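K.L.:
Pasting a structure below so you can have a look.
Taken together, the values in this text are just the output of simple stated rules run on the coordinates, not laboratory data. Note that the coordinates shown come from a computational prediction; the quantities given were computed from them, not determined experimentally. Note that each Cβ is placed from the backbone with ideal geometry, even for glycine, and that neighbours are counted across all protein chains shown.
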Amino acid sequence: MAEHIPTREEALALLQAYTSSESLRKHALAVEAVMRHLARAAGESEDEWGIIGLVHDLDYERFPERHCAKTREILEGEGWPAASIRAVMSHGWGLCTDVAPESRLERTLYAVDELVGFVTACALVRPSRSVRDLEVSSVRKKWKQPKFAAGANREVIQKGAGLLGVDLDQLIAEVIAGMREAAPEAGL
């Protein structure tokens, strides 16, 4: 039996079924956009990377104490490929799973998830409330303020940049560029 390859429509339907929070849905759309942007840059499958970005926090709202584990159960029940499930699990490495990010897709998701949240916070305090005019220097200025977006794990972001072998400023620039592609959908 051939493995079922999920479509974006199926991933979006799952997101909508398990996530009612508008901010979490927007986060998922922003992570999807960044993953698609970085997949293009790496010559990888935009659909595969984007779909993983879309469902990575599928269980977070309803099952925060079982984050990642419950998503694994949901995706297994939907017949998703093991590699896709592993990729989702790896974004919680060291936080709620012991699945270390190994593939480029996994390392990318690990690196950008928290950073998308941080960049979103930076955009929302701007007069424009948008990523369209956000610059790396503005993000770095907020980065130095420990109380700003305190929920965004800066250690994970730095570790992720290291896993990708990129400078933090370069990663921030790529995340901003990816988020700009989905700014209207993500409310930014």
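K.L.:
Determine the sum of side-chain charges near Glu46: Lys and Arg each +1, Asp and Glu each -1, restricted to other residues whose C-beta is under 12 angstrom from that of Glu46.
P.N.:
Values: positive: Arg8, Arg36, Arg40; negative: Glu32, Glu44, Asp47, Glu48, Glu181.
Within the 12 Å Cβ shell, the charges total -2.
K.L.:
State to the nearest 20 debye the size of the charge dipole of segment 45-113 about its Cα centre, where the only charges are +1 on K and R beta carbons and -1 on D and E beta carbons.
P.N.:
Numbers: 7 positive and 14 negative charges, 33 e Å.
Approximately 160 debye in magnitude.
K.L.:
Springs between alpha-carbon pairs under 10 angstrom, Gaussian network model over the chain: which of Ile51, Ile74, Ile157 fluctuates most?
P.N.:
Highest fluctuation of the listed residues: Ile74.
K.L.:
Note the angle between two axes, namely the Cα long axis of helix 46-55 and the longest principal axis of the Cα atoms of the chain, as a number of degrees from 0 to 90, rounded to the nearest 10.
P.N.:
90
K.L.:
Net charge near Ser90: determine it from the other residues with C-beta under 13 Å of the C-beta of Ser90, scoring Lys and Arg +1 and Asp and Glu -1.
P.N.:
Details: positive: Arg72, Arg86, Arg104, Arg107, Lys159; negative: Asp98, Glu102, Glu106, Asp113.
Within the 13 Å Cβ shell, the charges total +1.
K.L.:
With each label point set 7 Å from Cα along the Cα-Cβ vector, what nm distance links Arg126 and Arg154?
P.N.:
Calculated label separation equals 2.1 nm.
K.L.:
Of Lys26/Lys142; Lys70/Lys144; Lys26/Lys147; Lys70/Lys147, which sit over 27 Å apart, Cα to Cα?
P.N.:
Numbers: Lys26/Lys142 21 Å; Lys70/Lys144 34 Å; Lys26/Lys147 23 Å; Lys70/Lys147 31 Å.
Result: Lys70/Lys144; Lys70/Lys147 exceed 27 Å.
K.L.:
If amide hydrogens are placed 1.01 Å from N in the peptide plane, which non-local residues have theirs closer than 5 Å to the one on Trp93?
P.N.:
It is none; the list stays empty.
K.L.:
On to the next question. Kirkwood hydrodynamic radius, segment 7-86, all distinct C-alpha pairs: what's the number in Å?
P.N.:
Numbers: mean 1/r = 0.0794 Å⁻¹.
By the Kirkwood definition, the hydrodynamic radius is 12.6 Å.
K.L.:
Is the C-alpha gyration tensor of segment 47-158 telling us rounded, prolate or oblate? Criteria: a/c under 1.5 is rounded; beyond that, a/b larger than b/c is prolate, otherwise oblate. Walk me through the numbers before you get to the answer.
P.N.:
Details: a/c = 2.09, a/b = 1.97, b/c = 1.06.
Prolate, because a/c is 1.5 or more and a/b exceeds b/c.
K.L.:
Are there trypsin sites (Lys or Arg not before Pro) in segment 116-188 that DSSP puts in a loop and that have at most 12 other Cβ atoms within 10 Å, and which ones? If you can, show how the numbers build up before the last one.
P.N.:
Details: sites: Arg129, Arg132, Arg140, Lys141, Lys142, Lys144, Lys147, Arg154, Lys159, Arg180; in loops: Arg129, Arg132, Lys144, Lys147.
Filter output for segment 116-188: Arg129, Lys144, Lys147.
K.L.:
For helix 104-124, report the angle its Cα long axis makes with the longest principal axis of the Cα atoms of the chain; keep it between 0 and 90° and round to the nearest 10°.
P.N.:
Computed tilt is about 40 degrees.
K.L.:
Where in segment 88-129 does the label zone of Gln145 land, with the point 7 angstrom along Cα→C-beta and an amide N cut-off under 18 Å?
P.N.:
Label zone hits: 115-129.
K.L.:
With +1 on the Cβ of every Lys and Arg and -1 on the Cβ of every Asp and Glu, and nothing else charged, how large is the dipole of the chain about its Cα centre, in debye rounded to the nearest 20? Walk me through the numbers on the way to the answer.
P.N.:
Numbers: 23 positive and 29 negative charges, 198 e Å.
In total the dipole reaches around 960 debye.
K.L.:
Can you tell me how the chain classifies by the Cα gyration tensor, rounded, prolate or oblate, using a/c under 1.5 as the rounded cut? Intermediate values should be presented prior to the final figure.
P.N.:
Values: a/c = 1.57, a/b = 1.49, b/c = 1.05.
In terms of gyration-tensor shape, prolate.
K.L.:
Counting Lys and Arg as +1 and Asp and Glu as -1, what is the net charge of the other residues whose Cβ lies under 12 Å from the Cβ of Arg104?
P.N.:
Details: positive: Arg107; negative: Glu44, Glu48, Glu102, Glu106.
Charge balance near Arg104 sits at -3.
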